[in-house]
Amino acid sequence: MGKVERRTEEGDRTSLCGRRPTALTSLPKSPCGRCRRPSRIKPSLKIRYYSIQAINVMDIRRLDLNLLLLLDGLFRTQNLSALSRELGMSQPMASTGLRKLRDFFGDPLFLSTGRGMRPTPFAESIAEAVRTVLSTVDQQILRKPRFVPEDSDRVFTVTTSDIGVLIFIPPILQRIRSMAPGASLRCLPTSHEDLEDALESGEIDLAIGYFPDLVGPNIVTEDLFDHPFTSIVRKDHPTIGDTLSLEQFLAADHIVVNQQGRSQEIFERRVRELKLQRRVVLHLPHFMSVPQLIATSDMISTVPFSLGAWYANAGLKLLPPPVSIPLIELKQHWHRRMDNEPAVRWLQTIVAEELRDRDPALAMSADYAKSRAKAAAPIAGRSAATTASRRR
């Protein structure tokens with residue numbers, strides 16, 4: 001059945017018996033056919049019929065979310081004037097909002113009575129759903145999500161090199177386990193070609209290390225520390241003692257790690273720039289087998305200092321290279337769309353606090369404690385200047 005709204009206006013006729021015609025245009029001007037009593041002019045009831053449509057066929061694009069606040073408020077107050085004051089709007093504006101709601105739902109929704117504005121049966125039927133919608137918007141859309149480390153069971157995913165797993169991951173993992181015992185860390189190898197897409201999709205939370213190809217406009221970069229190279233030979237090498245000359249370097253047999261675009265490319269590019277000719281007897285795709293091969297042969301290799309320092313007690317000798325080599329600029333990278341994601345932001349802070357200006361390779365030397373003390377100030381509350389400098 002349609003819902004009926006009645007308004008009184010001057011100019012419509014009705015018989016004294018109260019009989020009303022089926023349409024306003026057919027009101028009788030002659031005596032009433034039922035009671036034969038003359039009709040007279042009196043305030044009329046203008047009838048407006050609403051057709052209640054199913055919610056699923058209504059055009060939700062016409063529904064202003066703010067109107068649901070008005071509707072929910074009327075359920076509570078049943079007083080339009082009081083509600084308009086509560087919502088900080090004028091009463092005419094509130095009346096306009098109620099009219100829009102009536103037009104949208106095809107129902108009067110609230111009728112004025114001696115006890116306030118009473119909801120119609122249809123309004124009562126949607127009251128709980130309206131509260132649920134508003135609560136969902138408030139709790140899940142308007143409120144920014146929070147990350148509570150001690151309650152989290154999140155799996156954080158990073159990508160780094162094989163040396164990065166050896167050097168970067170231990171302090172990061174220790175910090176995560178102490179602050180978020182239910183969380184875990186996963187290291188996922190990712191090609192340079194796919195890395196930016198993996199960061200954008202959230203498959204990878206952070207890339208930590210040397211990634212010179214990550215230069216897209218949506219990639220955010222934070223400097224961690226600069227790292228040197230070292231040449232390594234076995235401790236009892238027959239021709240190389242405690243120093244390494246250029247002649248000894250060029251005369252030795254070399255192991256070269258071929259990782260295109262990664263840290264070793266810095267050294268190999270420098271060798272080409274200097275037009276140095278050396279004898280390479282072994283090419284490898286990764287670093288981790290290099291120390292053992294060096295320790296059991298007369299070969300030499302030039303690697304990131306952290307790798308040599310880690311295996312210094314495994315029969316290796318670390319020597320400064322005989323040529324100047326640019327430092328490896330190690331950074332952490334993430335996608336701009338993750339800038340305000342609380343969990344990823346927390347991980348970024350952990351990585352910065354553990355690694356920024358703190359080369360973990362110094363843990364093998366007496367200078368490590370000094371490095372830790374120098375960077376002891378918390379990085380969580382970073383200044384605006386720091387934030388500006390790390391975005392590139």
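Odds and ends about this structure:
- Residues located in region 125-158, provided they are closer than 18 Å to D64 by Cα and either open to solvent by less than 80 Å² (accessible area, probe 1.4 Å) or touching a Cys at 6+ places or on another chain (Cβ under 7 Å) (or both): I126, A127, A129, V130, T132, V133, L134, S135, T136, V137, D138
- All positions within region 296-338 that are among the hydrophobic types (A, V, I, L, M, F, W, C) and either free of Cβ contacts under 8 Å to residues at least 40 places away in the same chain or under 22 Å from D236 (Cβ atoms) (or both): M299, I300, V303, F305, L307, A309, W310, A312, A314, L316, L318, L319
- A search for C-beta distances below 7 Å between a residue of region 172-199 that is under 14 Å from W346 (Cβ atoms) and any residue that is open to solvent by 20 Å² or more (accessible area, probe 1.4 Å) and assigned to a loop (DSSP other than H, G, I, E, B), counting only pairs 6+ apart in sequence or on different chains, returns G182/D153; A183/D153; A183/R154.
- Here H237 meets the list (1) part of a loop (DSSP other than H, G, I, E, B); (2) at pLDDT 95 or above; (3) open to solvent by 40 Å² or more (accessible area, probe 1.4 Å) almost entirely, failing just condition (3).
Residue-by-condition table, conditions (1) among the acidic types (D, E); (2) closer than 22 Å to P326 by Cβ; (3) modelled with pLDDT of 95 or more; (4) open to solvent by 40 Å² or more (accessible area, probe 1.4 Å):
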residue: A183; (1), (2), (3), (4): no, no, yes, no
residue: D194; (1), (2), (3), (4): yes, no, no, yes
residue: S201; (1), (2), (3), (4): no, no, no, yes
residue: L206; (1), (2), (3), (4): no, no, yes, no
residue: Y210; (1), (2), (3), (4): no, yes, no, yes
residue: L214; (1), (2), (3), (4): no, yes, no, no
residue: H227; (1), (2), (3), (4): no, yes, no, no
residue: I232; (1), (2), (3), (4): no, yes, yes, no
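- If only residues of region 79-124 that are of a type in the set (V, I, T) and open to solvent by 40 Å² or more (accessible area, probe 1.4 Å) are counted, the one that is nearest to L63 (Cα to Cα) is T96.
- Elements of type strands (runs of 3 or more DSSP E) in region 240-317, at least 2 residues being out of contact with any helix residue (DSSP H, G or I) (no Cβ under 8 Å at 6 or more places or on another chain) and open to solvent by 10 Å² or more (accessible area, probe 1.4 Å): 279-284
- Taking region 155-192 as the range and being assigned to a helix (DSSP H, G or I), among the hydrophobic types (A, V, I, L, M, F, W, C) and closer than 18 Å to A343 by Cα as the test, the residues that pass are I169, I172, L173, I176, M179.
- Looking only at region 131-171, and only at residues there that are charged (D, E, K, R) and in contact (Cβ under 8 Å) with a residue 12 or more places away in the chain, the one that is farthest from E354 (Cα to Cα): R131
The values are calculated or read from the model by the stated rules, or taken from the named source; none is laboratory data. Only a predicted model underlies this, so the values are computations on that prediction, with no experimental measurement involved. Cβ sites come from the backbone with ideal geometry, for glycine too, and all protein chains shown count toward neighbours. Accessible surface areas use protein heavy atoms only, side chains included; no ligands, DNA or RNA. Shrake-Rupley method; radii C 1.70, N 1.55, O 1.52, S 1.80 Å.
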